[in-house]
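Q: One structure coming up, written as structure tokens, with questions to follow.
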């Protein structure tokens, strides 16, 4: 799977793999499908972080001065090598975090990184780094040394949507991927090394998020922090970065509402909503976890949702028929179980699923696809991001109430509207306080801005908006 298993015991710093010292801690990587150890990684400490920052700072001036053509060639090389290693990446993701190989890792999880590199290349071809405004020239320049801190749930998607634009505009990088998804990150480092990324421009360290994140965010040599993960960690990084007044871009939690309007095809809308919610075992920040249904149609929606869950194929991620794999790690599994228990205590009606593991899947971290109904939006399961295969059915009586419920959340990352009328769906979308809205099953657009309102974060990723995050603006006045 890897060019060398020793890379898991190494850190990629200044264009080379540096073997971890005896002082570095080691951590077992657990296969969530069976609880067995699949490998070990070395965890970086302060010395390794310092070396990576120093390398990135030293490399930045020269890389920032490279031409558009040079960076386009680099991205082309990366895409070519990435495509060759798609199968390695897919297998790594299934092993490290449990995404089903045929249903998710191979068709979506692995190629998502390639698509972001391809998108960055397309944007770079025509991006306006300079423009005239009368006698003033407005120049966009790379922001500098960027600390990128990424999660485990969509590992390559979340890595590359930061790495690709940062490289495209001329920044240097210190990447800290999740220690729960180190295999795919290691392969990415191998790809960038083979593609010829200049020494020091890309550096990668596995390590404990709280410790390394604090050091990266507070270091004055880091010009920008881009983080995807939990709200609590996002707040900690913001506090750590505050003393050096650096840019902090955050993509945090979500509790997305899926508004099924009274004119929608209920069978199709509920089926699609349930399958989308349960995909990736519910471990997706934009998962449609609150399904808002007309009160008169709630009982029928319950029956449809239960039937869909009963048909889902749970099991080993490497078995071709598997549609839903395990929760990625023990801490997350425990959190999901706690919130399911709380939903039952708070009085929500359990339609299917519930506590414990599915029969026959006791060895791994498998969670029963769970649907609660008659959920009040004030309940904890409607307020907190569960990040597991748990759906809340919330009844509403009219459109204004539905929109009020959808907006009654500290989050605002994504939303969904289902209607027989595209115009009506769009009118509802305009009233939702959220960073994106999917109408009638619309898929992801990697060129569209991605990010959230309220406590779902700040800044935008993907496409041209992703470039903007890694650029400073300079005005040169008095040009002739």
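Q: Place a point 7 Å from Cα of residue 73 in the direction of its Cβ. Which residues in region 150-188 have their backbone N less than 17 Å from it?
A: Under 17 Å, as judged by backbone N against the label point of residue 73, lie 168-170 of region 150-188.
Q: Another question, then. Here are a few candidate values for Cα extents along the principal axes in Å: (1) 80, 77, 40; (2) 92, 48, 46; (3) 65, 59, 41. Which one was actually calculated from the structure I just gave you?
A: Of the labelled values, this structure produces (3).
Q: Hey, how many Å between the Cα centroid of region 123-171 and the Cα centroid of region 319-336?
A: Here the answer is 33 Å between Cα centres.
Q: When a footprinting reagent is the concern and you count Cβ atoms within 10 Å, what order do 228, 271 take, fewest first?
A: Least crowded to most crowded, the residues run 271, 228.
Q: Quick check: the angle from helix 330-346's long axis to the longest principal axis of the chain, C-alpha only, nearest 10 degrees?
A: Orientation of helix 330-346: about 30 degrees from the principal axis.
Q: Taking the chain as the reference, fit the longest principal axis to its C-alpha atoms, fit the long axis of helix 182-195 to the helix C-alpha atoms, and give the angle between the two in degrees, 0 to 90, nearest 10.
A: Here the helix axis deviates by roughly 40 degrees.
Q: Let me check against my output: what whole-number percent is the relative contact order of the chain, with C-alpha pairs under 8 Å and at least 6 apart?
A: The value is 19 percent.
Q: Using 0.36 nm per residue, how much length does the chain from residue 345 to residue 319 gain when fully extended, once their Cα-Cα distance is taken away?
A: Additional length available on full extension: 5.8 nm.
Q: Assuming 0.36 nm per residue, please report the length gained on full extension of the stretch residue 330 to residue 194 beyond their Cα-Cα distance.
A: 45.5 nm
Q: Still on this structure: Go ahead and run the numbers for FRET between residue 426 and residue 404, Cβ-Cβ distance against an R0 of 25 Å, rounding to 0.05.
A: Rounded to the nearest 0.05, the efficiency is 0.85.
Q: Explain nothing, just the number: relative contact order of region 257-446, from Cα pairs under 8 Å at least 6 residues apart, as a whole percent.
A: 27 percent
Q: Sort 329, 116 so that the residue with the fewest other Cβ atoms within 10 Å of its own Cβ comes first and the one with the most comes last.
A: In order of increasing Cβ crowding within 10 Å: 329, 116.
Q: Got the relative contact order for region 63-222 handy, in percent, Cα pairs under 8 Å and 6 or more residues apart?
A: The normalised contact order for region 63-222 reaches 28 percent.
Q: Right, something else. In whole angstrom, note down how far apart the Cα centers of region 24-100 and region 249-267 are.
A: 32 Å
Q: Determine the shape class of region 46-125: with a ≥ b ≥ c the square roots of the Cα gyration tensor eigenvalues, call it rounded for a/c under 1.5, and otherwise prolate if a/b is greater than b/c, oblate otherwise.
A: Oblate is the answer for region 46-125, as a/c is 1.5 or above yet b/c matches or exceeds a/b.
Q: Here is a further query. What angle do you read, to the nearest 10 degrees and between 0 and 90, between the alpha-carbon axis of helix 266-278 and the longest principal axis of the chain?
A: The answer is roughly 50 degrees.
Q: Any idea how far apart residue 65 and residue 267 come out in nm if each label point goes 7 Å out from Cα toward Cβ?
A: In this crude label model, residue 65 to residue 267 measures out at 6.7 nm.
Q: Could you list 204, 344 so that the one with the fewest beta carbons within 10 Å of its beta carbon is first and the one with the most is last?
A: With the sparsest Cβ surroundings first, the list reads 344, 204.
Q: Report the gain in length on full extension from residue 138 to residue 3: 0.36 nm times residue separation, minus Cα-Cα distance, nm rounded to one decimal.
A: Answer, rounded to one decimal: 44.2 nm.
Any read-out appearing in this document is the output of simple, stated calculations on the displayed coordinates, not a laboratory observation. This structure is a prediction, so every number in the text was calculated from the model and none was measured. A quick note on method: Cβ atoms are made from the backbone with ideal geometry, for glycine too, and the neighbour counts reach across all protein chains shown.
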